[in-house]
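Note sheet for the following structure.
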Amino acid sequence: MITREKAYGLIDQHIKNPNMRKHMIAVSAIMYSLAEELREDPMLWEVVGLLHDIDYEEVGNNMDHHGVKSAEILVGLLPKEGLHAIKAHNERTGVKPESHLDLALIAADAMSGLGIATALIMPNKKLAEVKIRSLKKKFKDKSFARTVDRNRIMYCTRIGIDYNDFLVISQGALQSVSRDLGL
């Protein structure tokens, strides 16, 4: 399996947009924390989160291939379950989420968007300022971060993590990489 360091090397090769790079780091941090909570393999989950959008700039507007192209790039670098999770995180691929890894990636992907958007409206634009009550309020406000699919965040319940606990785990994970995110 690919190491975190080699995964960052792949990101350097494939992703130029700094915001996409930050998103990938954010998702990887949430995935690592979820794996620890569920007693899964944190290194696998972290790398899957880190590389899930490795094809984003290559597929452009053809989002039907997003995830499938990532899996093609990562064949031989990730185990089969990691490749499946990456394909399944984009429902347009037709690959159905089955495992905890699949479902966690979907939830973490969406949660990173809500968490970062919430930090960006704080007075100092810092994750440390974001309280769980703020996340809950912004979750309910459908006009806030409109592209964040709240139903995907709720996939956390399908892996046995309560919504409130998921917010706490995710927020802690995002704060752990706040320097990398510039927040």
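Bear in mind that the values in this text are calculations on the coordinates, not laboratory data. Only a predicted model underlies this, so the values are computations on that prediction, with no experimental measurement involved. Methodologically, a virtual Cβ is constructed for each residue, glycine included, from the backbone with ideal geometry; neighbour enumeration extends over all protein chains shown.
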- prompt: By how many degrees, between 0 and 90 and to the nearest 10, does the Cα long axis of helix 42-51 differ from the longest principal axis of the chain?
  reply: 80 degrees
- prompt: If you project the alpha carbons of region 103-183 onto the principal axes, what extent comes out on each, in Å, largest first?
  reply: 34, 27, 19
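Got the relative contact order for region 4-181 handy, in percent, Cα pairs under 8 Å and 6 or more residues apart? Before the final figure, lay out the partial values.
Working: 239 pairs, mean separation 40.5, N = 178.
Over region 4-181, the number comes to 23 percent.
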message: Taking the 0 to 90 degree range and rounding to the nearest ten, how far is the long axis of helix 100-120 tilted relative to the main principal axis of the chain, both from C-alpha atoms?
response: 50 degrees
query: Under a plain spin-label model, where a point goes 7 Å from the Cα along Cα-to-Cβ, how far apart in nm are MET20 and ASP64?
result: 2.0 nm
- request: Rounded to whole Hz and in sequence order, give me ³J(HN,Hα) for region 74-81 from the Karplus expression 6.51 cos²θ - 1.76 cosθ + 1.60, θ = phi - 60°, writing x for Gly and Pro.
  value: 9, 4, x, 9, 10, x, 3, 5
- request: Rank these for me by crowding, TYR32, TYR8, TYR155, TYR56, going from fewest to most other beta carbons within 10 Å.
  value: TYR8, TYR56, TYR155, TYR32
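Assuming R0 = 30 Å, what is the FRET efficiency of TYR8 and GLU72, from their Cβ-Cβ distance, to the nearest 0.05? Let's see the in-between values first.
Numbers: r = 20 Å, r/R0 = 0.66.
That gives a FRET efficiency of 0.95.
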task: Can you pull the one-decimal nm distance between simple spin-label points at MET1 and LEU120, each 7 Å off the Cα toward Cβ?
output: 3.1 nm
message: Given points 7 Å out from each Cα along the Cα-Cβ axis, report the SER143 to LYS131 separation in nanometres with one decimal.
response: 2.3 nm
task: Taking volume of the Cα convex hull per residue in Å³ as the quantity of interest, determine which of (i) 133; (ii) 206; (iii) 107 was computed from the displayed structure.
output: (iii)
Burial ordering of GLU91, GLU5, fewest other beta-carbon atoms within 10 Å first: GLU5, GLU91
statement: With Cα springs under 10 Å, the Gaussian network model of the chain assigns the largest mean-square fluctuation among ASP102, ASP12, ASP149 to ASP12
field: GNM result for the chain, Cα springs below 10 Å: residue of VAL59, VAL47, VAL68 fluctuating most strongly
entry: VAL59
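Taking other Cβ within 10 Å of each residue's Cβ, how do GLU37, GLU58 sort, fewest first? If you can, show how the numbers build up before the last one.
On the way: GLU37 17, GLU58 14.
By the 10 Å Cβ count, ascending: GLU58, GLU37.
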